[in-house]
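The values are calculated or read from the model by the stated rules, or taken from the named source; none is laboratory data. Small disclaimer: the values here were computed from a predicted structure and weren't measured. Here the Cβ is made from the backbone with ideal geometry for all residues, glycine too, and neighbour counts use every protein chain on show. Surface accessibility is based on the protein's heavy atoms, side chains included, excluding ligands, DNA and RNA. Shrake-Rupley method; radii C 1.70, N 1.55, O 1.52, S 1.80 Å.
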Amino acid sequence: MIPILKFIQALAIVGTCVIVGFAQPSIRDYRRAHERQILDEFTRFLAIPNVASDRENIRRNAQFIVEMMERRGLNPQLLEAKTRDVPPAVFGEWKAPGATHAIVLYAHYDGQPVDPKQWTASPPFQPTWRSAAMEAGGTIVKLPGDGEFNPTLDRSPSNRKPGVEAIVTLPPAGEINPEWRLYARSAADDKAGVIAILTAFDALRAQGTSPLLNIKFLFEGEEEAGSPHLGEIIDLHKDLLESDAWIICDGPVHQSGRKEVVFGVRGDQNVDVTVYGARRPLHSGHYGNWAPNPAMLLARLLATMKDDSGRVTIAGWYDGVEPLGEAERGAIAEAPAYDDELRSQLGLGRTEGNGKSLLELINQPSLNINGISSGDVGALARNVIPTTATAVLDLRLVKGNDHQRQVERLIDHIRRQGFFVIDHDPTDAERKEHALIVKVIARSGGYNAERTRMDLPISIAVIAAVQSTSKAPIVKLPTSGGSLPLAIITDHLHTVTMTVPIANYDNNQHAENENLRLQNLWDGIETWAAVMTIKPKI
Ligand SMILES: [Zn+2]
């Protein structure tokens with residue numbers, strides 16, 4: 001009897017284990033069962049205007065996140081800056097029993113300014129579903145029961161609650177097509193990040209999974225404005241925000257659609273360069289050949305800054321660049337070759353860099369002309385010699401460059417071309433004394449690049465976590481071509497940063513008709529659930 005009893009007991013235990021194992025939903029199962037709920041929360045969030053300078057609405061966004069986190073028991077708090085009345089960050093924490101290490105998961109809830117006239121898909125803060133990207137012929141999704149009237153949002157008064165703009169009418173889970181696109185400002189950049197992170201938390205908790213590190217959540221409200229107060233917020237709340245790494249959810253995955261981990265961002269510095277001609281506009285017939293033309297002078301000056309292959313010819317431009325390590329060079333070599341496809345998509349007959357790939361070249365500092373202005377063109381064109389010519393230069397920087405030093409190199413180069421360099425409009429005396437005058441203004445807000453080594457234990461753990469959610473090899477990039485002020489984080493805290501993006505590459509971020517492909521959100525939830533359960537050998 002006793003052995004039989006034991007056998008039955010053993011069976012029962014095995015059975016229980018099997019049932020528990022079976023009952024534990026995967027992250028994907030959880031998502032499938034909660035699609036409507038996730039999208040309801042997401043679209044209500046997107047309906048709140050979120051330009052950082054719109055102080056009233058930006059606080060409503062922060063409050064919406066606070067409520068999302070309160071519902072989850074994450075004890076949210078608003079982290080204010082020292083400067084009054086600026087967008088707060090929202091903080092919360094998921095503590096791991098006995099853990100002494102922590103990671104900060106970061107996304108931002110503010111978005112770029114909008115010009116509603118340019119939003120041809122749908123208004124920026126009226127989240128709207130389309131069957132595919134508008135450029136690919138995607139049409140507004142006809143939802144069941146909506147007949148011809150088919151806004152994604154039901155704005156009927158009976159559905160209106162204070163602070164709630166939108167009630168979503170979506171089909172049941174299973175009928176929501178993952179190729180649908182959600183159109184709204186910040187659908188991709190970066191409210192998708194907030195939703196992916198908080199939903200990943202929901203799915204893990206539903207599984208009964210606990211993290212192995214303390215998980216801290218930090219949602220910033222001023223990133224698109226250049227994070228001018230993030231340093232203050234960090235300094236005032238250092239104890240809360242100290243961690244082994246900040247992992248950023250922002251930006252698009254690789255153009256090939258593969259998942260991606262990015263270990264750096266480029267620095268950025270804008271510079272205004274203005275060259276002067278006569279004090280007033282001159283008739284080009286009466287004065288041409290005699291009065292110098294500032295547009296011509298500026299064009300000649302700019303042409304001295306790069307050679308035919310696109311290499312910057314300013315002395316010292318590439319000095320101090322930290323070379324890539326073995327892991328970084330290997331990652332670039334393994335990344336999918338996508339340049340030919342891009343060249344054909346973009347209609348480029350040639351590219352710069354003497355045959356080097358895009359991924360290699362974004363690891364070098366660059367010099368770009370954002371725009372040039374002098375006189376008028378088109379219908380306003382007149383036969384004049386303009387008084388000034390201005391270019392806005394965009395200096396992208398990599399690890400090892402200092403943004404102020406790079407501006408000094410630019411100014412030294414301009415001087416070597418014979419120009420008298422000033423930081424104001426020229427006085428009469430200066431005009432008399434100098435043949436060539438240029439005003440050079442380095443704009444405020446420039447910052448340096450940031451890059452984390454790919455062979456650190458935390459880097460290896462994040463790569464493994466993201467890879468575990470994808471059959472295709474993930475793309476690992478030493479740096480993004482774009483810029484984020486991540487140096488603000490590492491200047492104020494002893495930590496490292498890396499970025500795990502989720503959005504589709506064709507999301508129109510920063511522009512009109514921003515959109516998120518739904519499958520990217522679904523994939524992103526799985527990616528971030530894996531990131532939250534990393535176990536690095538710290
Ligand atoms: Zn962003």
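Screening residue 122 with (1) modelled with pLDDT of 90 or more; (2) under 28 Å from residue 28 (Cα atoms); (3) of a type outside the set (Phe, Trp, Tyr) gives one miss only, at (2). For segment 214-228, the count of residues that are within 16 Å of the ligand (Cβ to nearest atom), among the small types (Gly, Ala, Ser), outside any loop (DSSP other than H, G, I, E, B) and within 18 Å of the chain's Cα centre (by Cα) is at least one.
Given the condition touching a strand residue (DSSP E or B) at 6+ places or on another chain (Cβ under 7 Å) and open to solvent by 60 Å² or more (accessible area, probe 1.4 Å), answer yes or no: does some residue in segment 387-407 qualify? Looking for residues that are touching a strand residue (DSSP E or B) at 6+ places or on another chain (Cβ under 7 Å) and open to solvent by 60 Å² or more (accessible area, probe 1.4 Å), one finds none in segment 387-407, hence no.
Output the residue which, of all residues in segment 177-192 that are within 16 Å of the ligand (Cβ to nearest atom) and part of a loop (DSSP other than H, G, I, E, B), is surrounded by the fewest Cβ atoms within 10 Å (Cβ to Cβ). Residue satisfying both the conditions and the ranking: 189. Checking each residue of segment 141-157 against the condition of being surrounded by 15 or more Cβ atoms within 10 Å (Cβ to Cβ), modelled with pLDDT of 90 or more and within 18 Å of residue 50 (Cβ to Cβ) gives no match. In segment 460-478, the condition of being farther than 14 Å from residue 258 by Cβ, at pLDDT 95 or above and within 13 Å of the chain's Cα centre (by Cα) is met by no residue. Would you check if residue 128 is more than 25 Å from the chain's Cα centre (by Cα), of a type in the set (S, T, N, Q) and modelled with pLDDT under 95? No. Please work out which residue is least open to solvent (accessible area, probe 1.4 Å), limiting yourself to segment 76-124 and to residues that are away from the ligand (no atom under 16 Å from the Cβ) and closer than 15 Å to residue 224 by Cβ. That would be 86.
Reported count of residues in segment 280-301, each being in contact (Cβ under 8 Å) with a residue 40 or more places away in the chain and among the polar types (S, T, N, Q), is 2. Residue 455 satisfies every condition listed in (1) within 16 Å of the ligand (Cβ to nearest atom); (2) charged (D, E, K, R); (3) touching a helix residue (DSSP H, G or I) at 6+ places or on another chain (Cβ under 6 Å) except (1). Reported count of residues in segment 361-386, each being open to solvent by less than 80 Å² (accessible area, probe 1.4 Å) and either touching a strand residue (DSSP E or B) at 6+ places or on another chain (Cβ under 9 Å) or not small (Gly, Ala, Ser) (or both), is 17.
The rows are residues; the columns are (1) at pLDDT 95 or above; (2) touching a Phe, Trp or Tyr at 6+ places or on another chain (Cβ under 8 Å).
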residue: 221; (1), (2): yes, yes
residue: 225; (1), (2): no, no
residue: 246; (1), (2): yes, yes
residue: 251; (1), (2): no, no
residue: 254; (1), (2): no, yes
residue: 276; (1), (2): yes, no
residue: 280; (1), (2): yes, no
residue: 283; (1), (2): yes, no
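Looking across segment 67-90 at every residue that is touching a residue at least 24 places away in the same chain (Cβ under 8 Å) and acidic (Asp, Glu), the one that is nearest to residue 57 (Cα to Cα) is identified as 85.
When the test is whether a residue is open to solvent by 50 Å² or more (accessible area, probe 1.4 Å) and not aromatic (Phe, Trp, Tyr), residue 426 does not pass it. Inside segment 358-374, can you point out the residues that are under 20 Å from the mean Cα position of the chain (by Cα), assigned to a strand (DSSP E or B) and more than 21 Å from residue 320 (Cβ to Cβ)? The answer is 370, and nothing else.
Would you call residue 211 in a loop (DSSP other than H, G, I, E, B), within 22 Å of the chain's Cα centre (by Cα) and more than 12 Å from the ligand (Cβ to nearest atom)? Criteria not met by residue 211. Listed conditions (1) out of contact with any Gly (no Cβ under 9 Å at 6 or more places or on another chain); (2) in contact (Cβ under 8 Å) with a residue 24 or more places away in the chain; (3) open to solvent by 80 Å² or more (accessible area, probe 1.4 Å) are all met by residue 354, apart from (1). Could you tell me whether any residue of segment 104-115 is free of Cβ contacts under 8 Å to residues at least 12 places away in the same chain and more than 11 Å from residue 221 (Cα to Cα)? No, the conditions are met nowhere in segment 104-115.
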